[in-house]
């Protein structure tokens with residue numbers, strides 16, 4: 001059976017392993033991302049009626065009663081599923097799991113809104129800039145740090161070769177950037193691997209860096225192995 005390295009956050013691993021197994025992959029996990037919550041004052045969001053979630057991470061940080069009080073727009077089905085696990089439901093979900101689609105879906109359906117966008121230290125200002133252009137009010141705040149687990153850098157290369165892994169799965173652009181930095185620093189030829197991405201944003205980042213990649217949805221469309 002083909003072996004696949006899962007590099008995302010160590011969350012719901014049994015569910016993810018079962019998913020990949022159904023497509024003929026035995027999943028091995030080594031997180032290249034972990035979340036560290038940062039102290040912040042939630043009073044920065046005193047007016048919003050909408051909450052934008054481009055990640056599941058804020059669900060582990062924001063108070064439940066706060067989440068209950070908001071209409072929530074999510075970037076994709078996995079974040080919607082995470083909301084459901086918290087007993088909550090999204091008010092809007094992007095048609096495609098990208099920031100661009102979230103922005104378009106929201107502007108197609110909601111004319112006026114005051115939005116709060118909790119994000120990581122690696123996030124840029126794309127959503128804030130584009131939402132302001134469209135006339136929305138928005139406040140954003142960095143509430144968590146996206147970082148590399150201490151043990152992962154030393155473990156990555158030995159694990160790949162010891163387990164003979166040839167397919168790598170990336171849940172976000174940051175996992176790809178870290179994988180590439182670690183492997184290239186050690187002279188590893190990346191052309192020997194097949195790359196799978198959680199969504200279009202991650203896929204396009206890999207392609208922009210000069211390597212072919214497929215989205216998970218393309219794996220689904222291709223049929224089970």
Original post:
Is at least one residue of region 41-55 part of a helix (DSSP H, G or I) and surrounded by 19 or more Cβ atoms within 10 Å (Cβ to Cβ)?
Top reply: no
Subject >> Selection from region 150-168 of residues that are assigned to a helix (DSSP H, G or I) and surrounded by 11 or more Cβ atoms within 10 Å (Cβ to Cβ) >> reply: 152, 153, 155, 156, 157, 159, 160
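Conditions (1) assigned by TED's automatic domain parsing to the domain that holds residue 54; (2) part of a loop (DSSP other than H, G, I, E, B); (3) closer than 15 Å to residue 133 by Cα, marked per residue:
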{"site": "79", "(1), (2), (3)": "yes, no, no"}
{"site": "88", "(1), (2), (3)": "yes, yes, no"}
{"site": "100", "(1), (2), (3)": "yes, no, yes"}
{"site": "103", "(1), (2), (3)": "yes, no, yes"}
**OP:** Kindly check whether there is at least one residue in region 130-144 that is surrounded by 14 or more Cβ atoms within 10 Å (Cβ to Cβ), touching a residue at least 24 places away in the same chain (Cβ under 8 Å) and assigned to a helix (DSSP H, G or I).
**Re:** yes
Subject >> Among residues of region 193-225, those that are assigned to a helix (DSSP H, G or I), modelled with pLDDT of 95 or more and surrounded by fewer than 18 Cβ atoms within 10 Å (Cβ to Cβ), counted >> reply: 2
Original post:
Can you name every residue in region 58-87 that is crowded, with 16+ Cβ neighbours inside 10 Å and over 19 Å from the mean Cα position of the chain (by Cα)?
Top reply: 67, 70
Original post:
Somewhere in region 169-184, is a residue in a strand (DSSP E or B) and touching a residue at least 40 places away in the same chain (Cβ under 8 Å)?
Top reply: yes
**OP:** May I ask you to list the residues in region 41-66 that are at pLDDT 90 or above, more than 21 Å from residue 12 (Cα to Cα) and touching a strand residue (DSSP E or B) at 6+ places or on another chain (Cβ under 7 Å)?
**Re:** 48, 49, 50, 51, 52
Subject >> Test: residue 187 is assigned by TED's automatic domain parsing to the domain that holds residue 8, in a loop (DSSP other than H, G, I, E, B) and free of Cβ contacts under 8 Å to residues at least 24 places away in the same chain >> reply: yes
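The values are calculated or read from the model by the stated rules, or taken from the named source; none is laboratory data. This one's a predicted model, so the numbers in the text were calculated from it and none came from an experiment. Methodologically, a virtual Cβ is constructed for each residue, glycine included, from the backbone with ideal geometry; neighbour enumeration extends over all protein chains shown.
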